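Novice: Handing you this structure, nothing more for now.
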C-alpha cells in the first residue's frame, strides 16, 4: 500500500506542477493580450488626434502656399479726408469658413471677421453701399471690395492683413499689404 500511496503522491505532485505551469502560461498570454489591447486603444486615440490636426494644418498650408486668398492691390487705397479705407479681397479655388481682416493705422487697429453668412458692421460696408448694410465673404473664385471707416486723423494706413479660418482653425496671415495709396491719387492718375 505504501508503494501505491507513493505512486499516487508522485502523480498528484506531477499534476500540480503541470497545473502551475499551465496557469503561468495562461497568465502570460492574458498579460500579452491586455498589453496589445491597451496599445491598440492608445493608437486609435493618438491617430485620430494626429489626423485631425494634420488635416487642418494641410488646409492652412494649401491656402497659404497656393495664394488663393489675397488682397487685390488695384482696389486698395485710403481716403484721408473721409477716414475710409477701401480694400478688395479675392478668393480663388479655396474653401474657407471665414476671413479675419486687420487694418492698422498709426497705432490703432480694427479687425473684421467676414463669414459666408451676411452680417452688419457699423463701420464696414460693401463698395458703393451704405454702412450697416449686409456684408459677407466673397465666394469661391470671387472677389469683393469693401470700405471701412473710423480712421480719420490718420495720415496713412500702416497695413492690411488677412487670415482665413478653416473649420475652427485660424490660419496665419496669408496676405498683407503696407503699400496703401491715397484714393485721390488713384482717381487722378
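Novice: Mind checking whether some residue in the stretch 90-106 is more than 21 Å from residue 68 (Cα to Cα) and over 24 Å from the mean Cα position of the chain (by Cα)?
Specialist: Going residue by residue through the stretch 90-106, those that are more than 21 Å from residue 68 (Cα to Cα) are 104-106.
Checking which are over 24 Å from the mean Cα position of the chain (by Cα) leaves us with 105-106.
Yes, the conditions are met somewhere in the stretch 90-106.
Novice: Turning to a different aspect of this structure: Do we find that residue 154 is in contact with a strand residue (DSSP E or B) (Cβ under 8 Å, 6 or more places away or on another chain), at pLDDT below 85, buried (at least 17 other Cβ atoms within 10 Å of the Cβ) and not assigned by TED's automatic domain parsing to the domain that holds residue 60 in this structure?
Specialist: yes
Novice: Moving to a separate point now. Of the conditions (1) at pLDDT below 85; (2) farther than 19 Å from residue 165 by Cα; (3) in contact with a helix residue (DSSP H, G or I) (Cβ under 7 Å, 6 or more places away or on another chain), residue 86 fails just one. Which one is it?
Specialist: Against the list (1) at pLDDT below 85; (2) farther than 19 Å from residue 165 by Cα; (3) in contact with a helix residue (DSSP H, G or I) (Cβ under 7 Å, 6 or more places away or on another chain), residue 86 comes up short only on (1).
Novice: For residue 142, work out the one condition from (1) surrounded by fewer than 18 Cβ atoms within 10 Å (Cβ to Cβ); (2) over 29 Å from residue 63 (Cα atoms) it doesn't fulfil.
Specialist: (2)
Novice: Anything in the stretch 78-96 that is assigned to a loop (DSSP other than H, G, I, E, B) and surrounded by 17 or more Cβ atoms within 10 Å (Cβ to Cβ)? List them, or say none.
Specialist: 94, 96
The values are calculated or read from the model by the stated rules, or taken from the named source; none is laboratory data. These numbers were taken from a predicted model, which means no experiment stands behind them. Don't worry about glycine lacking a Cβ; one is built from the backbone with ideal geometry, like all the others, and counts go over all protein chains shown.
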